[in-house]
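Below you'll find the structure I mean.
The values are calculated or read from the model by the stated rules, or taken from the named source; none is laboratory data. The shown structure was predicted, so the numbers you read here are calculated from the model rather than taken from an experiment. All Cβ positions, even for glycine, are placed from backbone atoms using ideal geometry, and neighbour counts span all protein chains on display.
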Amino acid sequence: MTDTPPPFRPKVAVYAGSFDPFTHGHADIMRRSLAFADRVVVAVANNINKKPLFTAQERVAFIAESIGTEPRIEVRAFDGLLVNLARELGATMLVRGLRAVSDFEFEYQMALLNRHLHPGLETVFMVPSNDTTYISSSMVREVARFGGDIGALVHPTVARALAERFASGPV
Ligand code: PNS
């Protein structure tokens, strides 16, 4: 008699952030996480303290454009605690990108806090590609605000949306 194999349990990772806006750096981390997750949920925080330039719906739409036809990645907005979303999705990993040492303190604190709130959840830090590691959403917004070229930093849909947002000058 042969043993029945255990049921396939997909490894779900959540890649959460403000993504205001989503950059090529975010896209790089998102795609890299497919190496160790069966399914990656990109989760756009709706209730962030900072007043975002784009609504959660707009940020979700930009990311959806970036994903294209990758069936293992999905994008959604979320409210409230990230650990609650992770529980709802049956996720076992949180993915975060680490660009520089300056990111580390906040990320370390957040990883410990999330583990305190949900001990079954591991935070996985990933390093972006050399050519995207200097990109941040805040710098993209700043450059776009003053009419600089952000074409190599974000998806064309995001570049167009930023150009439209700042068409009548910095806001
Ligand atoms: O891109 P960001 O702004 O660094 O992402 C931070 C984010 C949205 C992942 C974090 O603020 C978050 O998880 N917010 C949801 C509320 C929550 O769970 N807070 C406790 C952990 S800080």
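Please work out if Gly80 is loosely packed, with under 14 Cβ neighbours inside 10 Å and on the phi > 0 side of the Ramachandran plot.
Considered against the rule, which asks whether it is loosely packed, with under 14 Cβ neighbours inside 10 Å and on the phi > 0 side of the Ramachandran plot, Gly80 comes out as yes.
One line per residue, one yes/no per condition, for (1) in contact with a helix residue (DSSP H, G or I) (Cβ under 8 Å, 6 or more places away or on another chain); (2) surrounded by fewer than 14 Cβ atoms within 10 Å (Cβ to Cβ); (3) under 15 Å from Phe22 (Cα atoms); (4) touching a residue at least 60 places away in the same chain (Cβ under 8 Å):
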position: Ala100; (1), (2), (3), (4): no, yes, no, no
position: Asp103; (1), (2), (3), (4): no, no, no, no
position: Asn114; (1), (2), (3), (4): yes, no, no, no
position: Ile135; (1), (2), (3), (4): yes, no, yes, yes
position: Glu142; (1), (2), (3), (4): no, yes, yes, no
position: Ala152; (1), (2), (3), (4): yes, yes, yes, yes
position: His155; (1), (2), (3), (4): yes, no, yes, yes
position: Leu162; (1), (2), (3), (4): yes, no, yes, yes
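Please note which helices (runs of 4 or more DSSP H) are completely contained in segment 1-102 and include at least 2 residues that are modelled with pLDDT of 95 or more, more than 11 Å from the ligand (Cβ to nearest atom) and under 15 Å from the mean Cα position of the chain (by Cα).
Filter on segment 1-102 gives 24-32, 56-67.
If you check Leu162 against the conditions, is it in contact with a His (Cβ under 7 Å, 6 or more places away or on another chain) and closer than 19 Å to Ser66 by Cα?
no
Right, another one. Looking at segment 123-133, which of its residues are surrounded by 15 or more Cβ atoms within 10 Å (Cβ to Cβ) and not hydrophobic (A, V, I, L, M, F, W, C)?
Within segment 123-133, Thr123, Pro128, Thr132, Thr133 meet the criteria.
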